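Chemist: Supplied in structure tokens, the structure appears directly below.
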Amino acid sequence: MTITASMTRRGFLRGTGALTFAVLADGAIRVFRHDAQVQAQGPTATPAPVNAWVSIAPDDAVTIRFAATEMGQGVMTSLPMILAEELDADWSRVSVAQVDQGDPAIYGNPKTGGILFTAGSSSVEGYFDVMRRAGAGARRILIHSAAAAWDLPPAELATEAGAVVYRPGNRRLSFGQIAALPRLVTEVPPITDADLKPRAAYRLIGTDPGRRDIPAKTRGETVYSIDVRLPDMAYAVLLHAPVEGEAPATVDDAAARRVPGVIDIMTLPGAVAVVATRWETALQARDLLDATWTTTSPFRDADSVADLAAEVAAVRDPARPGTAWETRGDVVAGLSAEGVRVVEAVYTTEHVYHAQMEPLAAVAAVDPDGRGAEVWLGTQSQTLSIAAAAQTLATTPDRIRFHAMQMGGGFGRRTFFARDVLRDALLLSKAVKRPVKLMWTREDDVKNGWLRPATAHKLEAALDGDGRVVALRHRVASPSILAFAAPPRWASANNRDLLVMEGTESHDYDIPDFLAEHIISERRARVSAWRGIGWGANCFVREAFIDELAEAAGEGPVAFRQRLLAGSPRGRAVLDAVVAMSGFGRAPQGRAHGLAFAGYKTTLGAGVAEISLDRSSGRIRVHRFWAAVDPGLAIHPKNLEAQTEGGIVFGLSGLLKERITIAGGEIDQNNFYDYEPIRMNEVPEIAIRIVPSDAAPSGAGEIGVPMTGAAVANAVFRLTGKRIRDMPFTPERVTALMQA
């Protein structure tokens, strides 16, 4: 699909005479009308802005903007639903539009540091209140404008889907008719909490309209950054340094330059770039490059097996200090108290790659003066990407015209980590003075992946005479993700890395003496957050260990957790729900059930896996998986179920199959033939139950991951009597365990 370079953000405001409602950083609301002769009704009579949340056209069309980015998680639907609910919009007349760029003070997500950043299942949680107030503010202006037109008190009017009504007089003005009124009221009382709808009044939230992104995707019409084509656009590929930190030492590009269609070959940080008129030509020429590389990188001796062994040694070494992440009571006293029984175990997890369907790609068209650009990028952060582009061109953010494209998967791969491909596309476009699309191949993406860090965990717990957990210490050895990916953020973090340590807190469990601590090891690979962030690895370890404690206490895994969750009604509810829906403990012959309780931030969940094991091959088969989830208010329940299902599949894939190994500083794997995610025929039957609660809404994109690892590990123990403590559960590893 071809996009012209003249594509503009102002396409949002297509309707002549449309009203646009802007909720400003201070909470004030301004309304603008877009006519041939602009009639600004707000405090400033300026031309139509594009920094508004909602626009209403005279034909009743409502356009709602959303500031998160869409990568398959459904925010294109769920976020506009929140605003439409408070506006009382007719959903069938609602269109949605992406915020490509804008003032973070207005569009920033309060849960991601106030910038436009989509990560960690924080979009619904972060934008819920913002979108509600934007919708309520627009609704108030419509009511007051209709009241003025009818010469009635605003309090006597109400709204229904897409209209303001005066029921005693049987009067009705559609939102579009109000937009066409000659005069509008703009001075309205500010929105307070009391003005927002109670949950009982919701007519859209909690329903399941179709997702707005799906029809175009199923028709193949969605345009990703990898699809963008511009007039006179060139294509670029990179020959990457084999090891992080190396640079081209010598480059013989004579043969490559003789390939017809090659435009230029140049060096970039850590790579040699080929720019050509066609993608295939660039690939052909890249194969003809003869490059040597520097050999000074400290990563050349990175070895994932040895490095993980060093982390295991670190967590076992009582002399290695850690940074306290969560402290309650006195864990040292608890573990050494008289009469307690101490249980301990060591667990590990290995590197995994994001495996998003769309490899990294960026399109850049640098201005002739080299100090501005138009950019198309699938990114989880407009703010960070614009800043990276401005930094690359030594310019200001206002010179960057940014298009936030839908993404063919993200899972953390496109947060901080898409900036290098954007930087390189800009540098190449500036050099060849034409638009450039830079695409990484799958092999480029795997070989240069930013990986979930390998981790080592030592857990110690004290059981009292009644089998109660009175103390638990959870030590984690891992490099810091923040130190690598976000140095400014790390500088103020006081050695506390939430991307590694979140999920170790065990807040819902009643354990009086508790300590989670982080031993920060040397970084030996490009490390990043993966779906589930720290919760995936940490909940696997914690919940598998809880089963060990239950066994040591002589109690069943359900009853043991019920006691631990005595102070968490929401936690107890999801646990009881999944036990009931799965018939826990009554697996068919030859199979076994495993249970795990897991949270993700304020979302609580519990899962049960039903597995069997082929002892000859060591292959674990997950036949069925049940999950009960309390996300708080469920905005779009079907989508929430779908996200939870996706997280479960993602977690099982990482648990059973995915593994990155590194030798000599190079990633060993190349593509999906030797880095194999779970296949369709390996996906279990999945059943999801949403457990209602009064809690605030939260995200569902991650909760499926943390519950998978321990549920399967605990099922393996039920089936075989063997504890598997190292993720992934590859056939080789399982076979060795069975023979031990």
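The values are calculated or read from the model by the stated rules, or taken from the named source; none is laboratory data. In this text the structure is predicted, and so the values were computed from the model without any measurement. So basically every Cβ, Gly included, is an ideal-geometry build from the backbone, and we count neighbours across all protein chains shown. In case anyone asks, the SASA skips ligands and DNA or RNA and just uses the protein heavy atoms, side chains included. Shrake-Rupley method; radii C 1.70, N 1.55, O 1.52, S 1.80 Å.
Chemist: Bin by bin, in steps of 20 Å, what percent of the Cα pairs in the chain do you find, going until the bin that has the longest distance?
Modeler: Going out from 0 Å in 20 Å bins, the chain shows 16, 45, 32, 7, 0 percent.
Chemist: How large is log10 of I(q)/I(0) for the stretch 593-700 at q = 0.09, 0.15, 0.17, 0.22 Å⁻¹ when the intensity is taken from the Debye formula with one equal scatterer per alpha-carbon?
Modeler: -0.31, -0.74, -0.87, -1.15
Chemist: What share of all Cα pairs of the stretch 551-645, in percent, falls into each consecutive 10 Å distance bin?
Modeler: 15, 41, 32, 11, 1
Chemist: Solvent-accessible area per residue for the stretch 171-243 at a 1.4 Å probe radius, Å²?
Modeler: Values: 3750 Å² over 73 residues.
Ligands and nucleic acids excluded, the result is 51 Å² per residue.
Chemist: If you take the Cα Rg of the stretch 385-433 and divide it by 2.2 N^0.38 Å, with N the number of residues, what do you get? Can you show the working numbers first?
Modeler: Details: Rg = 11.5 Å, N = 49, 2.2 N^0.38 = 9.7 Å.
After normalising by residue count via 2.2 N^0.38 Å, the value is 1.19.
Chemist: In the stretch 538-632, what percent of the accessible surface is made up of carbon and sulfur (1.4 Å probe, ligands and nucleic acids excluded)?
Modeler: For the stretch 538-632, the apolar C and S fraction of the accessible surface comes to 46 percent.
Chemist: Calculate one ³J(HN,Hα) per residue across the stretch 299-305 by plugging θ = phi - 60° into the Karplus curve 6.51 cos²θ - 1.76 cosθ + 1.60, and present them in order as whole Hz with x for glycine and proline.
Modeler: Once θ is set to phi - 60°, the couplings for the stretch 299-305 become 7, 5, 9, 5, 9, 5, 5 Hz.
Chemist: Which value, to two decimals, describes the C-alpha radius of gyration of the stretch 53-133 once divided by 2.2 N^0.38 Å?
Modeler: That works out to 1.04 for the stretch 53-133.
Chemist: Of all the Cα-Cα pairs you can form in the stretch 497-550, what percent are over 18 Å apart?
Modeler: Tail fraction, whole percent: 39.
Chemist: Farthest toward the dipole's positive end in the stretch 178-333, which of Val274, Pro231, Thr294, given Cβ charges of +1 (Lys, Arg) and -1 (Asp, Glu) about the Cα centre?
Modeler: Pro231
Chemist: I need the P(r) histogram for the stretch 513-596: all alpha carbon pairs, bin width 5 Å from 0 out to the longest distance, whole percents.
Modeler: Percent of Cα pairs in each bin: 3, 10, 16, 21, 20, 11, 8, 7, 4, 0.
Chemist: Regarding the stretch 475-631, what is the average projected area of its C-alpha convex hull, in nm²?
Modeler: Seen from a random direction, the Cα hull of the stretch 475-631 projects 11.5 nm² on average.
Chemist: Could you give the size of the charge dipole of the chain about its Cα centre, using +1 on the Cβ of each K and R and -1 on the Cβ of each D and E, expressed in debye and rounded to the nearest 20? Numbers along the way, then the final one.
Modeler: Values: 79 positive and 85 negative charges, 256 e Å.
Using only the charged Cβ atoms, the result is roughly 1220 debye.
Chemist: With the alpha-carbon atoms as the only input, what is the per residue convex hull volume for the stretch 120-220 in Å³?
Modeler: Dividing the Cα hull volume of the stretch 120-220 by its residue count gives 164 Å³.
Chemist: How much net charge surrounds Glu344 when only other residues with a Cβ under 12 Å from its Cβ are counted (Lys, Arg +1; Asp, Glu -1)? It would help to have the intermediate numbers written out before the result.
Modeler: Working: positive: Arg316, Arg341, Lys458, Arg473, Arg475, Arg725; negative: Glu460, Glu548.
Cβ neighbours under 12 Å give a net charge of +4.
Chemist: Ignoring ligands, DNA and RNA, what percent of the 1.4 Å accessible area of the stretch 176-260 is carbon and sulfur?
Modeler: 54
Chemist: May I have the convex hull volume per residue, in Å³, for the Cα set of the stretch 108-150?
Modeler: So the per-residue hull volume is 58 Å³.
Chemist: Still on this structure: Which ³J(HN,Hα) values in Hz, rounded to whole numbers, follow from the phi angles of the stretch 58-70 under the Karplus curve 6.51 cos²θ - 1.76 cosθ + 1.60, where θ = phi - 60° and Gly and Pro get x?
Modeler: Ordered by residue, 3J(HN,Hα) equals x, 8, 6, 6, 10, 10, 10, 9, 9, 9, 6, 10, 9 Hz.
Chemist: Here's something else I'd like to know. Along its three principal axes, how long is the stretch 241-367 when you only count alpha carbons? Whole Å, largest extent first please.
Modeler: Largest to smallest, the principal-axis extents are 80, 31, 26 Å.
Chemist: For Arg723, what is the net charge nearby, where nearby means another residue's Cβ is under 14 Å from its Cβ and Lys, Arg count +1, Asp, Glu -1?
Modeler: -2
Chemist: At q = 0.12, 0.14, 0.25 Å⁻¹, work out log10 I(q)/I(0) for the stretch 677-740 with the Debye formula, treating every Cα as an identical point scatterer and leaving solvent out; two decimals please.
Modeler: Scattering profile of the stretch 677-740, log10 relative to I(0): -0.46, -0.60, -1.23.
Chemist: Continuing with this model, one more query. Plugging the Kirkwood radius over Cα pairs into Stokes-Einstein for the stretch 320-424, at a temperature of 10 °C and a viscosity of 1.306 mPa s, what D comes out in µm²/s?
Modeler: Calculated translational D: 90 µm²/s.
Chemist: Ok, one more. Which whole number of Å³ per residue matches the convex hull of the alpha-carbon atoms in the stretch 552-602?
Modeler: Numbers: hull volume 5.1 nm³, N = 51.
Dividing the Cα hull volume of the stretch 552-602 by its residue count gives 100 Å³.
Chemist: Considering only protein heavy atoms, what per residue accessible area in square angstrom results for the stretch 555-646 with a 1.4 angstrom probe?
Modeler: Value returned for the stretch 555-646: 35 Å² of accessible area per residue.
Chemist: What size of dipole, in debye to the nearest 20, comes out for the stretch 63-110 about its Cα centre when the only charges are +1 on Lys and Arg C-beta atoms and -1 on Asp and Glu C-beta atoms?
Modeler: That gives the stretch 63-110 a dipole magnitude of about 100 debye.
Chemist: Quick one: with all protein chains in place, what share of the accessible area of the stretch 317-401 is carbon or sulfur, to the nearest percent (1.4 Å probe)?
Modeler: Carbon and sulfur: 56 percent of the exposed surface of the stretch 317-401.
Chemist: List the lysines whose alpha-carbon lies under 21 Å from that of Lys217, not counting same-chain residues fewer than 8 positions away?
Modeler: Qualifying lysines at Cα under 21 Å: Lys638.
Chemist: Could you do me a favour and compute the accessible area per residue for the stretch 377-431, 1.4 Å probe, result in Å²? Please report the intermediate quantities before stating the final value.
Modeler: On the way: 1530 Å² over 55 residues.
Roughly 28 Å² per residue, with all protein chains present.
Chemist: Give me the dipole magnitude in Debye, nearest 20, for the stretch 456-521 about the Cα centre, with unit charges on the beta carbon: positive for Lys and Arg, negative for Asp and Glu.
Modeler: That gives a dipole near 400 debye.
Chemist: What number in nm² do you get for the stretch 610-671 if you take the convex hull of its Cα atoms and divide its surface by four?
Modeler: For the stretch 610-671, the mean projected area of the Cα convex hull comes to 7.1 nm².
Chemist: Among the lysines, select those whose C-alpha is under 27 Å from the C-alpha of Lys458, and discard any that sit fewer than 8 residues away in the same chain.
Modeler: Correct list for Lys458: Lys601, Lys657, Lys722.
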